[in-house]
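The values are calculated or read from the model by the stated rules, or taken from the named source; none is laboratory data. This one's a predicted model, so the numbers in the text were calculated from it and none came from an experiment. No Cβ is skipped: glycine too gets one built from the backbone with ideal geometry, and neighbour counts run over all protein chains shown.
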Amino acid sequence: MCSMFSRWNWVACGFYLVLNICSPDGGLVQSCGHIIPESPVLALGSNFTALCILNESCLDFGNIYASQIIWKIKNKLVPKEQYREINRTVSSVTFNDTSSLATPLTCNILADGQIEQNIYGITVTVGLAPEKPKNLSCIVHQESVLTYVMNCTWNPGRHTFLDTQFRLRHSWPEEIFPDCIPKDVNNSCTITDIQFFVNTEIWVEATNALGKAESDPLVVDPIDIVKPLSPQNVSVSSGVLPTVLQLCWVNWISDAVMMLKFNIRYRIVGETNWMEVPSEDTASTRTSFIVQGLRPYTEYAFSIRCMKEDGVGYWSDWSEEKTGMTTEAQPSKGPPIWRIIDTSHSPAFWTVHLLWKALKPFEANGVILQYEVTIRDKSSPSSPVKKYNVTSTNHTLQLREGTYEVTLVARNSVGSSPPSVLLIPASNSKAPVKNLRTLPKHDKLWVGWTAPNSYVLKYVIEWCLVSSSSDCIIEWQIALGGVQGVDLKGIKPFKCYLITVYPLYADGQGSGQSVKAYLKQDRPSKGPTVQTKKVGKAEAVLTWNHLTVEEQNGFIRNYTILYKTIDGNETVVTVDPSKTEYTLSSLTSDTLYTVRMMASTDNGSRTGPDFTFTTQKFGKGEIEAIVVPVCLAFLLIVLLGVLFCFNKRDLIKKHIWPIVPDPSKSNIAQWSPQVPAKHNFSSKDQTYPEGSFTDVSVVEIEADDKKSFSEQDLKPFDLLKKEKSTSEGHSSGIGGSSCMSSPRQSVSDSDEGDTTQNTSSTVQYSTVVLNGYRDQTPVQVFSRSESTQPLLDSEERSEDHAGGADSTAQRQQYFRQNGGQDETNTDRPCFERTKQITHANEGDLVGFVQLQISGQSSQPLGLGMEKNTQEAAVSNVLQTCTEGQTVRPETVEENPLSVDEMPKSYLPQTVRQGGYMPQ
Amino acid sequence: MKFVPAGVVPFVALLLLQRRPVAGRALLLSGSGCPGHGLCRSNVQEQTRRQVALLNATAQELFSLYLKCQGEPFSSESDKLCNPAGIFFPAFRVNRTSERKEVMVAMYKLFAFLNASLGNITRDQEELNPMAKELLERLHNTTKTTRGLISNLTCLLCKNYNIFQVDVRYGDSSKGKSAFKKKQQGCQVLRKYVQVIGLAARVLLPHLSPS
């Protein structure tokens, strides 16, 4: 408010502040105004008006007036519509709903220059008036013999947002007692000074700044709301009788204060269920009680509680449990007895295992010291009675087959039990029970049957856990003859039990009837493992093993086979549970199938692992049906062929294997103009015995064929001769000496040699003799050769050519032998090649000149003779050819006339590739 | 009737006022006019009987415990030291044949006196035997019971007989007396109390039994 003043004003302002600060009535700081009401407490939702009153001194000094007042809630300006200027020093602000209020509410001045100065502020508290406390209730707790406290609780109502005090008040008609102020809570309080037998009015007052509320008064005599302490020092003592126990205790409340009634509860130690003494027996004050009807030799636990005799008030807590034991009494019944007869050694002598159950505590009525077993032989009454004293619960006897009566008595310190009698007949010939059945009941298995027509003393129910790995351990129990069903206890779920019921008659025993049962079934623990036994084209035989009884977890109701192809739908087949094999039919041949098997009980199914198999492509016998007729047909054809050949053997022999005349025995020399040549042959005949040349054909060439040997054809041989003369000195190389020693020499190098060689190993050759033999009419004769030299294309062609152009009759005469051999071995040394050839024709062919003639050229026989004279020169030429400058057969074939174009140095041009020069 | 805090025994003679019921007229001061009439219910009669029976049942134990806690010579010479002959004790000259109202008034005088006397005894014993917790507790309880009894008797007198003020005489205060005297006075009062409470119980029983 001092801002914007002039310098003088600043001084005055400072002086004013000093005065304000130091003024005796204003404390250190004196405000220029104040707000009323000061720090109000307002009801939530109510309206509220505040006044800001400016001091007169400030008006005069600082030109401050009510019109300049602005109101703020926290830092938020209150709308001016809510202001009212009452006079020049008082401004009011009104709030219609206090819920919009907040702290602080300030009164401010907007001084010159629009500078805001705070004048005063108040704290506004908004809350609610207390609600009327409800549901007041009290209970008097006894803390000791003479000390009682009363605890009261109530519902304090809504939250008030204010400091609200609750006080519990109580009064007598003319006396109001000190209030009970709750500590830390607002809904309960405990009064320690209470007085019985006076009607007391109790109520709750809730007070805060906005008001006060009282609960409805509760008028009660505190004695009627007492929760006493439970009886103390409870003791239990046994009485004279074995069925009673006496309880004694001390009450915390004297009879003068309150008469009590009691609840007495008791239970057998170890059991959870309590029994209670009838309330009418304990409806009056007492400090002892005799509990009757208890079991002998049984430990009981007792507990007592009390409350006001008229039932008004609260029960005390149960007292601490105290135990006591009744005294012994003689056993109330004989032990149940049964037997197992072992006749495995001999039917005439039994091993009888007598079994009996220990009496239950309430039957034994004490500690069983021993059992007395008595055996009477009913078959021979004169036999002495045998007695045995046994401390265990079984006894084994060796008895001769017969009827026996077994009596069993249990003894304790007080006396003996009634005897239990078991008749062991020679045979179980009596009627059995009928309609044996089971039914699960919670955790017990009920076994029921229909009684036989005869009177039954009792029934023996045997049962045992069926196991695939161990023997059936028999348990048993006895039921009285009047019952037709018992509950078997201790039955485990998901286990198979074999239950047998025997009726026991007065004069014998009925045969046992058995049934298998489950207390609870589950789905099998695993599924069957299926596999194929046999797979055909359209069917497959599946086999599997039964699940073990431990795996079944219930009765297997059926097996389900599920099979499918890879992309097909699954097919389901249900199979009887007794089966272990099934044949799938209508399958697709040569198809992969996946099959699995599911075992199902009443409570679910389990599937085994997948198994795959593939059906066969052909069915059984299909292959045989095809192969056998084919073979038969083949054999038939062969047979017919053989028969035909046999019938036509002469004709066939004539065409295929004609008789070839022996040239050595030929008389051609006598008429042939080439006697010398023949003679040369003959000279060789002397070296090789006759007969070695049976495969040699001699071809006569007509005289006019000589013209075919033109000069051109003979020229190479001239060159050869020249070559031989000029290169004779060079012939002594590798090819020279070795090739000279070779009986044959390759003159060609060709890739075709492979093919030729492959087809030549066993082919024999024939040479066509075109001229007539001797005086015979010239016919085309084929002479078979023993050579294994392969047929060459050119040779075949030449043959064809010869055969097909017999009219032109350019007769050629030559020898062939192993033409292709060298073609595959052109890179090898001549020695090797020679050796191979030698091996192939050794003995038969050695000494024969081999000559291969181009299809375009012909070589007169005389040339061959001449060649023999030029042996060394030819060998040299051949040696040269093996060095890679061989005329390719392709070239020859494609350009049959290109022989003229061949280099002259290659000799002989008339020699076709793969052929052999005569040596 | 005014509330008399325990331990404070003013020697004030209270005026007994009796308002006779007027036949044929509405009672101006009927039961509804009694103080705390909402609490003055029908069970008050039974409550009163139970209170007298309770005091009777505990009086002897209280006296025995008091003697025991005072030590010698009180424990051995109680007959001599505790002879109440020399002290004031309200006369209780009623019997089973007395009028019920008379019995109620006598009872009121008796228990008003006892309440004041027990208050004094409790105060003295808190001073003389502060460690005698059981005695103090019993004295407290007996005093509280007498307070409740006075409240119930006030209710009964007002409700049944329109009596709401009874003249009561109290005994001498023990304040300023020696410890022995205090013990002796307490012993004498309690002995007399044992005697009178038994009589009161017997007299009151037929009068307060449910009719």
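The residue list B:Leu81, B:Leu118 contains one member that is within 14 Å of chain A (Cβ to nearest Cβ) and hydrophobic (A, V, I, L, M, F, W, C), which is B:Leu118.
Listed here are the residues, each with its yes/no results for (1) within 14 Å of chain B (Cβ to nearest Cβ); (2) part of a strand (DSSP E or B); (3) at positive phi.
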residue: A:Met150; (1), (2), (3): yes, yes, no
residue: A:Arg158; (1), (2), (3): no, no, no
residue: A:Asp163; (1), (2), (3): no, no, no
residue: A:Arg169; (1), (2), (3): yes, yes, no
residue: A:Thr190; (1), (2), (3): no, yes, no
residue: A:Asp193; (1), (2), (3): yes, no, no
residue: A:Phe196; (1), (2), (3): yes, no, no
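Yes or no, residue by residue, for (1) within 30 Å of A:Val204 (Cα to Cα); (2) touching a residue at least 40 places away in the same chain (Cβ under 8 Å); (3) surrounded by fewer than 17 Cβ atoms within 10 Å (Cβ to Cβ); (4) in contact with a strand residue (DSSP E or B) (Cβ under 6 Å, 6 or more places away or on another chain):
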| residue | (1), (2), (3), (4) |
| --- | --- |
| A:Asn75 | no, no, yes, no |
| A:Pro79 | no, no, yes, no |
| A:Thr103 | no, no, yes, no |
| A:Asn108 | no, no, no, yes |
| A:Glu116 | no, yes, yes, yes |
| A:Thr123 | no, yes, yes, no |
| A:Gly127 | yes, yes, no, no |
| A:Pro133 | yes, yes, no, yes |
| A:Cys138 | yes, yes, no, yes |
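The test for being closer than 30 Å to B:His140 by Cβ, buried (at least 18 other Cβ atoms within 10 Å of the Cβ) and more than 14 Å from chain B (Cβ to nearest Cβ) does not hold for A:Trp71.
Only one of (1) more than 22 Å from A:Leu210 (Cβ to Cβ); (2) outside the structural domain of A:Val185 (by the TED database); (3) exposed (fewer than 13 other Cβ atoms within 10 Å of the Cβ); (4) in contact (Cβ under 8 Å) with a residue 60 or more places away in the chain is not met by A:Leu54, so which one is it? The failed condition is (3).
Residues that are over 15 Å from A:Ser237 (Cα atoms), of a type in the set (Gly, Ala, Ser) and touching an Asp or Glu at 6+ places or on another chain (Cβ under 9 Å) within region A:301-333 comprise A:Gly313, A:Ser332, listed in sequence order. Only one of the numbered conditions (1) buried (at least 17 other Cβ atoms within 10 Å of the Cβ); (2) within 27 Å of A:Gly510 (Cα to Cα) is not met by A:Lys378, and that is (1). Listed by first and then second residue, the pairs linking a residue in region B:151-164 that is at the interface with chain A (Cβ under 9 Å from one of its Cβ atoms) to a residue that is surrounded by fewer than 24 Cβ atoms within 10 Å (Cβ to Cβ) and acidic (Asp, Glu), with Cβ atoms under 7 Å apart and 6 or more places separating them unless they lie on different chains, are B:Ser151/A:Glu174; B:Ser151/A:Glu175; B:Thr154/A:Glu174. Screening B:His140 against (1) in contact (Cβ under 8 Å) with a residue 60 or more places away in the chain; (2) within 14 Å of chain A (Cβ to nearest Cβ) leaves a single unmet condition, (1). Beta carbons closer than 7 Å, at least 6 apart along the sequence or on distinct chains, pair a first residue in region A:205-224 that is under 20 Å from A:Ser137 (Cα atoms) and touching a residue at least 60 places away in the same chain (Cβ under 8 Å) with a second that is surrounded by fewer than 17 Cβ atoms within 10 Å (Cβ to Cβ) and among the β-branched types (Val, Ile, Thr) for A:Asp224/A:Val312.
Within the set B:Leu156, B:Leu199, the sole residue that is surrounded by 17 or more Cβ atoms within 10 Å (Cβ to Cβ) and either farther than 17 Å from A:Pro173 by Cβ or at pLDDT 85 or above (or both) turns out to be B:Leu156. Restricting attention to region B:57-69, the residues that are within 14 Å of chain A (Cβ to nearest Cβ) and surrounded by fewer than 20 Cβ atoms within 10 Å (Cβ to Cβ) add up to 4.
When the test is whether a residue is in the same structural domain as A:Gly121 (by the TED database), of a type in the set (Gly, Ala, Ser) and closer than 15 Å to A:Ile35 by Cα, A:Ala111 does not pass it. Taking the conditions (1) farther than 30 Å from A:Pro242 by Cα; (2) surrounded by 15 or more Cβ atoms within 10 Å (Cβ to Cβ); (3) of a type in the set (D, E, K, R) in turn, A:Arg411 satisfies each one other than (1). Considering only residues in region B:82-126 that are of a type in the set (S, T, N, Q) and at pLDDT below 85, the one that is surrounded by the fewest Cβ atoms within 10 Å (Cβ to Cβ) turns out to be B:Thr97.
Residues are listed down the side, and each one gets a yes or a no for (1) within 23 Å of B:Leu55 (Cα to Cα); (2) among the hydrophobic types (A, V, I, L, M, F, W, C); (3) crowded, with 22+ Cβ neighbours inside 10 Å:
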{"site": "A:Asp179", "(1), (2), (3)": "no, no, no"}
{"site": "A:Asp184", "(1), (2), (3)": "no, no, no"}
{"site": "A:Thr190", "(1), (2), (3)": "no, no, no"}
{"site": "A:Phe196", "(1), (2), (3)": "yes, yes, yes"}
{"site": "A:Ala209", "(1), (2), (3)": "no, yes, no"}
{"site": "A:Asp221", "(1), (2), (3)": "yes, no, yes"}
{"site": "A:Val226", "(1), (2), (3)": "yes, yes, yes"}
{"site": "A:Ser235", "(1), (2), (3)": "no, no, no"}
{"site": "A:Ser238", "(1), (2), (3)": "no, no, no"}
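Is one or more of the residues making up region A:207-222 part of a helix (DSSP H, G or I) and within 14 Å of chain B (Cβ to nearest Cβ)? There is at least one residue in region A:207-222 that is part of a helix (DSSP H, G or I) and within 14 Å of chain B (Cβ to nearest Cβ).
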